[in-house]
Structure formats: structure tokens, C-alpha cells
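Here is the structure we will look at.
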Amino acid sequence: MDKSSLRSGDIATGIVLTAGSVAVMVSSYKMTLPVIAQGHALSSSPGIVPGILAFFMLVMSISLICRGRCEGGSLRFLLPASILAGIRSVEGKNTLFIFGLIAFYIFALLRALPYCVATFIFLYVFILVYYEKRFFYVGMIALVCSLFITYSFGVLAEIPLPGKTLRFILPGTGMTITIP
């Protein structure tokens, strides 16, 4: 990659970080207002530390944009021809596929299936497309990973997982098994 492409990436990163910093600053300001209205000290506000960090992130983001611009970066990557060329490239197609797969996982699989099953399907497709072509091997990896993730977060850490919940009653014992 040439230097101007890297500097253009700096400009794009700076723009995204600037937008994120401003959003955090607005959110922390909204968290601070009720504390001040109740007569509490500003230092007891939950939004003060994120606001300070966001301010410094904003300064660094603007610095990144300025540095990128001064060293030859441009916003040409935002032109329609550049965007289309990026989408048509192998990297662009991979990126679109991954975003589509993640959207399918979030908006379709997790709404219709238990977390463990949805995660298994997501991992199976992802690994099969990008890393390995042996179906059984991929299935075992996806199964072990989805069970490990579900057990670690859902059972050990007691984090409520998205998706439907399956409950099985073991015949003859009356024991219930819940799969998040």
C-alpha cells in the first residue's frame, strides 16, 4: 500500500472516531445532568469519566484527520467509483458476506432458535466458507465452540443469552435440562 492510501485510511478512521467521541460526550452529558439537578457533586456523576475520555479521544481523532490530510491523504475513497471498485474486489465481497452472515445470525437465527443452535449454525457456515472444507471436522469444531460459549456465558457467568430457550424433561427422573 502506498502512503497516500494509508493516510486516507487515517482520515476515515479519524472521522469514525470523531463521531463516536461526540456520541459518547453527548451521552455522558445526559448522564451528568440529573446528578447536578439533584444537587450532587459533579464528581459523583457516572458520566464524568466517559466524558473526559471522549474529549481526549476527540482531540486525538481530529489530530489523526489533520495528520492524514497533511501527509497526502484524501477523501477520494468516498467517490462512487471507488466504493464500487471496493465492493467488487475480493475483500469487499468478503466483507459484505460477513456483514450479511452476522445480520442473518442476529435477526433470523437468534430470533427463531436457541442461542446454542444459532451459534453452531453461524460458526459452521463461517468456518466452512473461510477456513476448512471437511464437513464433519467443521461440525465438531462448531459444536464444541458453541457449547463452550453457551456454558461459559450462560451457566458459569449467568449472563442471559439471546434467542429461544429449550427445556427437556428427562423421562423417569423429572430432571429438567435447559439449553439457552
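Below are the figures for this structure:
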| item | result |
| --- | --- |
| In segment 121-150, residue farthest from the chain's Cα centre (by Cα) [restricted to those that are more than 30 Å from V90 (Cα to Cα) and surrounded by 14 or more Cβ atoms within 10 Å (Cβ to Cβ)] | L147 |
| Unique match (being of a type in the set (S, T, N, Q) and touching a residue at least 60 places away in the same chain (Cβ under 8 Å)) among S44, S74, S27 | S74 |
| Any hit, segment 132-144, residues being in a helix (DSSP H, G or I), hydroxyl-bearing (S, T, Y) and either touching a residue at least 24 places away in the same chain (Cβ under 8 Å) or closer than 20 Å to G163 by Cβ (or both) | no |
| Count of segment 105-116 residues which are surrounded by 15 or more Cβ atoms within 10 Å (Cβ to Cβ) and within 14 Å of the chain's Cα centre (by Cα) | 1 |
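Yes/no matrix, rows are residues, columns are (1) assigned by TED's automatic domain parsing to the domain that holds I149; (2) of a type outside the set (D, E, K, R); (3) at pLDDT 90 or above; (4) not in a helix (DSSP H, G or I):
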position: S21; (1), (2), (3), (4): no, yes, yes, no
position: S43; (1), (2), (3), (4): no, yes, no, no
position: L53; (1), (2), (3), (4): no, yes, yes, no
position: E91; (1), (2), (3), (4): yes, no, no, no
position: I98; (1), (2), (3), (4): yes, yes, yes, no
position: A108; (1), (2), (3), (4): yes, yes, yes, no
position: C116; (1), (2), (3), (4): yes, yes, no, no
position: F126; (1), (2), (3), (4): yes, yes, yes, no
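The values are calculated or read from the model by the stated rules, or taken from the named source; none is laboratory data. Predicted model only: the values in this text are computed from it and were never measured. With ideal geometry, Cβ positions are generated from the backbone for all residues, glycine too; neighbour counts draw on all protein chains shown.
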